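Before any comments, here is the structure.
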Amino acid sequence: MSPALTMDRRSFVKLLGGGIVVFVGLGPSEILAQRRSYPDDFNAYLRIDENGKVTVFSGKIEMGQGVMTSQAQMAAEELGVALDSIEMILGDTDHCPWDRGTFGSLTTRMFGPALRAAAAEARAVLTDLAAEELGASKEELVVEAGTVSVRDQPERRITYGELARGQAISRYLGEEAVLRSVREFTVMGRSPERVDGVAKVTGQAQYTSDIRRPGMLYARILRPPAHGATLQSVDTTAAKVMPEVTVIERDGMVAVLHPDPEGAERALEAVAATWSEPVSQVDSESVFDWLVSRAPTPETSHRRGNIETAAASSAVFASTYRSGYRAHAPMEPHAAVAEMASGKLTVWASTQTPFPTRDRIASSLGLAADKVRVI
């Protein structure tokens, strides 16, 4: 497993620019012990800019399940700011804390507590700073919509943005931050409009296939017609003589590149290939029995009571339900864009696992992990 953060704290603060950066150190708690896959240095972080905008960084990605909104709600709730002041940065390996990926419904129940803890610590740090600025004790202060004020003296107040002062200030909290209880929630537990909803329904949302870079080429890869098919012969002569076409043949892979996507498609059509296709052992009807026959033996992880005795004295109903065999394939137009600049490779990709993907790319190309950025 690659380290999540290789730069020192000074470099990290300089990278983020102006604003208050809140670091959250891992502590000996049951929640954090369950999250051993998160970085030792930080489990979550956020930035408060001088204008009061809050940027939240998460290694999780949005793939339709609404976590861009729910994570923003968690941060807004614990930090004490309005939901519309939160900007989410998801799945950027140069800016977000390391994460295994987005799967198994783990975002809310595993990363959520870490994110809430980070925001709660941020609120506590900002309250400490406000107490110093306002000449009041922490117990006298209240936080609302990103403003810290003295209770019963609303004219004595200071905003998170004013506390930032355009400076990069790092401070660790010397005590454990207290999460808000359910009865205190004003943002969590609600159903606001999704923060990415308007962009998606109006076509403004940017997918990987929308990215355009100077001098970019479009690639089309020769794919087998079926699982297990092997390439017997290939003739790329016709494609090679087409204007502006580049043909790549390496380690059994054949790809064609062209400045225009339709030009790349035409070049791929010009590639003559013959394949050896295996005879399929399953069809749409037999695939279920085939899967069951190859499933691992079930294991009982916990047992309580006597199932056999209960079944003997009960009415038992048994049914088998089958639905169509389907691929795990979100509707997003899948694509990847790669750009090498100044010795660093940036890859925009349709992936649920940005960090593992970064590590695989680095390994394949013989690059250090910090020389590859996946977005």
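The single residue among T320, T237, T230 that is of a type outside the set (K, R), more than 30 Å from I61 (Cβ to Cβ) and open to solvent by 100 Å² or more (accessible area, probe 1.4 Å) turns out to be T320.
Considering only the stretch 289-302, I want to know if a residue exists there that is touching a strand residue (DSSP E or B) at 6+ places or on another chain (Cβ under 9 Å), among the charged types (D, E, K, R) and either within 30 Å of I61 (Cβ to Cβ) or not in a loop (DSSP other than H, G, I, E, B) (or both). No, the conditions are met nowhere in the stretch 289-302.
Of all the criteria given as (1) in contact (Cβ under 8 Å) with a residue 40 or more places away in the chain; (2) in a loop (DSSP other than H, G, I, E, B); (3) open to solvent by 40 Å² or more (accessible area, probe 1.4 Å), the one not satisfied by R220 is (2). The condition of being at positive phi and either touching a residue at least 12 places away in the same chain (Cβ under 8 Å) or touching a Leu at 6+ places or on another chain (Cβ under 7 Å) (or both) holds for only one of G343, G263, G366, that being G343. Scanning the stretch 67-80 for residues that are open to solvent by 10 Å² or more (accessible area, probe 1.4 Å) and closer than 11 Å to V56 by Cβ yields a count of 3.
Confirm whether V142 is β-branched (V, I, T), without any contact (Cβ under 8 Å) to a residue 60 or more places away in the chain and open to solvent by 40 Å² or more (accessible area, probe 1.4 Å).
Details: β-branched (V, I, T): yes; without any contact (Cβ under 8 Å) to a residue 60 or more places away in the chain: yes; open to solvent by 40 Å² or more (accessible area, probe 1.4 Å): yes.
Yes, satisfied.
On the basis of being in a loop (DSSP other than H, G, I, E, B) and open to solvent by 70 Å² or more (accessible area, probe 1.4 Å), does P225 make the cut? Yes: the conditions hold for P225.
Yes/no per residue for (1) touching a helix residue (DSSP H, G or I) at 6+ places or on another chain (Cβ under 7 Å); (2) of a type outside the set (G, A, S):
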position: A238; (1), (2): no, no
position: E244; (1), (2): yes, yes
position: M253; (1), (2): no, yes
position: P259; (1), (2): no, yes
position: A264; (1), (2): no, no
position: A267; (1), (2): yes, no
position: A270; (1), (2): yes, no
position: T274; (1), (2): no, yes
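Would a scan of the stretch 163-181 turn up a residue that is open to solvent by 70 Å² or more (accessible area, probe 1.4 Å), within 30 Å of G64 (Cα to Cα), modelled with pLDDT of 85 or more and basic (K, R)? For the stretch 163-181, residues open to solvent by 70 Å² or more (accessible area, probe 1.4 Å), within 30 Å of G64 (Cα to Cα), modelled with pLDDT of 85 or more and basic (K, R): absent.
Please enumerate the residues belonging to the stretch 249-282 that are open to solvent by less than 90 Å² (accessible area, probe 1.4 Å) and assigned to a loop (DSSP other than H, G, I, E, B). Hits for the stretch 249-282 are G252, P259, D260, A270, V271, P278, S280, V282.
Which of the residues belonging to the stretch 346-363 are assigned to a strand (DSSP E or B) and either on the phi > 0 side of the Ramachandran plot or among the aromatic types (F, W, Y) (or both)?
Taking the stretch 346-363 as the starting set, the residues that turn out to be assigned to a strand (DSSP E or B) are 346-349.
Answer for the stretch 346-363, where residues must be assigned to a strand (DSSP E or B) and either on the phi > 0 side of the Ramachandran plot or among the aromatic types (F, W, Y) (or both): just W348.
Applying the criterion of being assigned to a helix (DSSP H, G or I) and modelled with pLDDT of 90 or more to the residues of the stretch 90-111, the residue that is farthest from the chain's Cα centre (by Cα) is T108.
Matching residues to (1) at pLDDT 95 or above; (2) under 21 Å from I221 (Cβ atoms); (3) buried (at least 19 other Cβ atoms within 10 Å of the Cβ):
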site	(1), (2), (3)
P333	no, yes, no
V337	yes, yes, no
T346	yes, yes, no
T351	no, yes, yes
P354	yes, no, yes
T357	yes, yes, yes
A368	yes, no, no
K371	yes, no, no
I375	yes, no, yes
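Taken as a whole, the stretch 109-118 holds at least one residue that is more than 19 Å from V54 (Cα to Cα) and open to solvent by 20 Å² or more (accessible area, probe 1.4 Å).
Can we say R156 is open to solvent by 20 Å² or more (accessible area, probe 1.4 Å), in contact with a Leu (Cβ under 9 Å, 6 or more places away or on another chain), assigned to a helix (DSSP H, G or I) and modelled with pLDDT of 85 or more? So R156 fails the test.
The values are calculated or read from the model by the stated rules, or taken from the named source; none is laboratory data. None of these values were measured; they are calculated from a predicted model. Glycine also receives a Cβ, built like all others from the backbone with ideal geometry; neighbour counts cover every protein chain displayed. Side chains included, ligands, DNA and RNA excluded: accessible areas come from the protein's heavy atoms. Shrake-Rupley method; radii C 1.70, N 1.55, O 1.52, S 1.80 Å.
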